[in-house]
Amino acid sequence: MNQFSPETRELSSTGPVGPWLSLVGLGEDGRAGLCDAARAALEQAEVVFGGERHLALIGAVPGEARAWPQPFRNALPAILAERGRPVCVLATSDPFHYGIGAGLTKAVAPEEMRVIPQLSAFSMACTRMRWPQEECALVSLHGRALQRIIPLLQPGARVLALSWDESTPAAVARLLSERGLGASSVTVLEALGGPKERIREARAEDFALDGIVPLNMLAVSVVAGTDARILPLANGIPDEWFEHDGQLTKADIRAITLSALAPRAGELLWDIGAGAGSIGIEWCLRHRHNRAVAFEERPERAARLARNRLALGAPPIEIVEGKAPESFAGKATPDAVFIGGGLTDPGLFEAAFAALKPRGRLIANAVTIEGEARLAGLFAQHGGNLRRIGVAHLDPIGNMHGWRSAMAVTQWRVVKP
């Protein structure tokens, strides 16, 4: 519940105003678990906003109680319309941990808002499980793709995941079993901190817990079998993990290309001629704040890319179906660009290079004579670095073995002035 539409983020009027908005974290124990400051904020508020569950937990209030409007993106304008009046916004536990706090701070100045949090569900889960929080991987599956948990499923890992609803635990257990992690322990923690709190555990491959309430979270202790499908932490995911039609930057070349792209936290990549999407997917897997825009002209390849994105952890990739460079219009400015296809198309490089941020990196790979000629011309014009990459793999030859060379790849790397 932290997403607001961009057009509503600057609605707060100018001028100094005191702390009119109180953001109160609420646990499953309702009003009984609130501190004195939180109770005072409730009593003094002329308007109290919250979900129907929140409002039911706190009971009657002196002011006007308003449930969140639908769709939820209308919530922020409704709050800001009351600017200057005492307003209380109810949130679940810690509003700044996968909560509404992040969205509110984009529109309300810090001096206009008081925040009174409670323990997050993650903190409570750690105390129940006796797990040090700094040793856990944390993820929210609430309103997000279930596959976001995949990169966190490392051998021996402890993963805490906020569920979308009562169906999430069984879905996660199935995913674990399908990936060779069926021996993993899945603990379902329901209604944490309230009178109906319940904690139950089952092996993923034997998961049969029923009657799970919608408000729950998971604690997964990962046990990897010998055939477990674990996402590697290094560049160069095996080729067979991608669905493709041959339009794929192979693992050896991909590892070198990702190293040349040199991703940094929070950066945006344009993957042009994305094909199966392997470069964009691995770029995003390097850091949870990395993003990519994948440009792919052919509809069947764009659809295949979307399936690969989900299968490999649902990284934040925007898939743009259309011909480049026309499809570049309106897209966010990239920190890095990879041209894997279309290098010889008129105007494609020029448009991509013009869009690139100053000091941004551009990498282009070519395997044809025409592509190499284009790279040689660009190198002469812009400088940078050229290298030729050759890879050979051992293949059987009758009852013996020999080296079979793959097509050599010419790679150009340039940093925009």
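The values are calculated or read from the model by the stated rules, or taken from the named source; none is laboratory data. This is a predicted model, so every value here is computed, not measured. Backbone-built Cβ (ideal geometry, glycine too); neighbour counts: all protein chains shown. These accessible areas exclude ligands, DNA and RNA; they are computed on the full protein's heavy atoms, side chains included. Shrake-Rupley method; radii C 1.70, N 1.55, O 1.52, S 1.80 Å.
When the Cα positions of 398, 57, 244 are compared along the charge dipole of the chain, 398 comes out farthest toward the positive end, with charges on each C-beta of Lys, Arg, Asp and Glu.
In percent, rounded to a whole number, the relative contact order of the chain is 10, using alpha-carbon pairs under 8 Å and six or more apart.
Overall, the accessible surface of the chain at a probe of 1.4 angstrom is composed of carbon and sulfur to the extent of 54 percent. Can you give the helix-only mean residue ellipticity at 222 nm for the chain, where every DSSP H stretch with n ≥ 4 adds -39500 (n - 2.57) and the sum goes over all residues, rounded to the nearest 500 deg cm²/dmol? Here the helix-only value at 222 nm equals -7000 deg cm²/dmol. Straight-distance candidates among the aspartates and glutamates for linking to residue 331, with alpha-carbon spacing under 20 Å and chain neighbours fewer than 8 residues away dropped: 7, 267, 271, 296, 297, 318, 321, 345, 350.
The stretch 129-172: percent of C-alpha pairs farther apart than 17 Å?
Result for the distance tail: 31 percent.
When only the Cβ of Lys, Arg, Asp and Glu is charged (+1, +1, -1, -1), the dipole of the stretch 134-292 relative to its Cα centre reaches about 380 debye.
Within the chain, DSSP assigns beta bridges of which about 45% are antiparallel (rounded to the nearest 5).
Note that the chain presents 47 Å² accessible area per residue, ligands and nucleic acids not counted, probe 1.4 Å. Loop-located trypsin sites (Lys or Arg not before Pro) in the stretch 95-167 (DSSP state not H, G, I, E or B) with no more than 10 neighbouring Cβ atoms inside 10 Å: 130. Relative to its Kirkwood radius, the Cα radius of gyration of the chain gives an Rg/Rh of 1.05. Once the chain from residue 416 to residue 243 is taken as fully extended at 0.36 nm per residue, the excess over their C-alpha distance is 59.0 nm.
Between the helical axis of 168-178 and the longest alpha-carbon principal axis of the chain there is an angle of about 30 degrees. Dipole magnitude for the stretch 239-319: about 280 debye, using +1 per Lys or Arg Cβ and -1 per Asp or Glu Cβ, origin at the Cα centre. Using the Karplus relation 6.51 cos²θ - 1.76 cosθ + 1.60 with θ = phi - 60°, the per-residue 3J(HN,Hα) values for the stretch 404-411 come to 10, 7, 7, 4, 5, 10, 9, 10 Hz, with x marking Gly and Pro. If R₀ is 30 angstrom, what is the calculated FRET efficiency for the pair residue 287 and residue 106, using the beta carbon separation as r and rounding to 0.05? Using R0 = 30 Å, I get an efficiency of 0.85. Given +1 at the Cβ of Lys and Arg, -1 at the Cβ of Asp and Glu and no other charges, the dipole of the stretch 330-417 around its Cα centre is 380 debye to the nearest 20. Here the convex hull built on the C-alpha positions of the stretch 196-336 has a volume of 168 cubic angstrom per residue.
Projecting the Cα atoms of 217, 340, 35 onto the charge dipole of the chain (Cβ charges, centred on the Cα centre) puts 340 farthest toward the positive pole. In order along the stretch 237-246, the Karplus-derived 3J(HN,Hα) couplings, from 6.51 cos²θ - 1.76 cosθ + 1.60 at θ = phi - 60°, round to 4, x, 4, 5, 7, 9, 7, 7, 10, x Hz, and Gly and Pro are given as x. In this structure, the amide hydrogen of residue 68, modeled 1.01 Å from its nitrogen in the peptide plane, lies closer than 5 angstrom to those of 50, 51, 52, counting only residues at least 5 positions away or on a different chain.
Taken along the Cα-to-beta-carbon direction at a fixed 7 Å, the label points for residue 233 and residue 367 span 3.2 nm. One decimal place: the segment residue 199-residue 354 gains 50.3 nm when fully extended, by the rule 0.36 nm per residue minus the C-alpha distance. In this structure the amide hydrogen of residue 140, modeled in the peptide plane, comes within under 5 Å of the amide hydrogens of 162, none closer than 5 places in sequence on its chain.
Phi angles of the stretch 346-355 translate, via the Karplus equation with coefficients 6.51, -1.76, 1.60 and θ = phi - 60°, into HN-Hα couplings of x, x, 5, 4, 4, 5, 5, 5, 5, 6 Hz per residue; Gly and Pro are given as x. Here each label is just a point 7 Å from Cα along the line to Cβ, and for residue 165 and residue 382 those points are 4.8 nm apart.
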